[in-house]
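Just so it is clear, none of the values below were taken in a lab; they were calculated from the coordinates. All values derive from a computational prediction rather than experimental measurement. Every residue, glycine among them, receives a Cβ derived from its backbone with ideal geometry; neighbour counts consider all protein chains shown.
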Amino acid sequence: MPAPLRIILTPEEDLTLNELRHAGCVPKRTRARWQMLRLNAKGWKVAVIAKIFECHQHTVRATLRRWQERGLAGLWEEKGRGAKPKWKAADLDYLVGCLENDIRTYNSQQLAKLFKQERLVDLNSDRLRKLLKKNYRWKRTLNLPLQKTRPNQKGNKASRFGDVGISRSCL
């Protein structure tokens, strides 16, 4: 059985942790960590805190040790977690510039091929589509059937919408 782990908060540290409760930009995990610290400082045991937060006791102990080693900085996630993006913001801006300046329209597979040729960034067409939908207003191209108009209709459908592809990116 591990030795009981106990922290003691100074009044300034307790005030700082209490102010984190009212900050809107604090992530959920960070809020959970400061609550673990305050409960432990009030005398609650690690096993009880783990039951409250529905996590393992090792998680609570790791939070308490990070507080002891790094202080307030130990509450936030460390840099370097997760996969690094293959693209940069300049690459995506180049792509949007291509969509706006070119006369033709692109689908996501054509954009991925253009992206790989021009910028040497290999992105899947599905991922590229998600990036464009998330950051920019981008829609897939619309395929219109080029057929003869009826005699009672005025104008051709294709000429009414411009060329075959009508939707393009716009910011």
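The string of couplings for segment 54-63 from the Karplus curve (6.51, -1.76, 1.60, θ = phi - 60°) is 6, 9, 7, 5, 4, 5, 5, 5, 4, 5 Hz, one whole number per residue in order, with x for Gly and Pro. Rg and Dmax of segment 11-75, based on Cα coordinates, read 11.1, 29 Å. What pairs in K88/K133; K79/K133; K86/K134; K86/K133 have C-alpha atoms more than 19 Å from each other? The pairs that break the limit, which is 19 Å between Cα atoms, are K79/K133. Only the Cβ atoms of Lys and Arg (+1) and of Asp and Glu (-1) were treated as charged; on that basis the dipole of segment 24-89 about its Cα centre amounts to roughly 180 debye.
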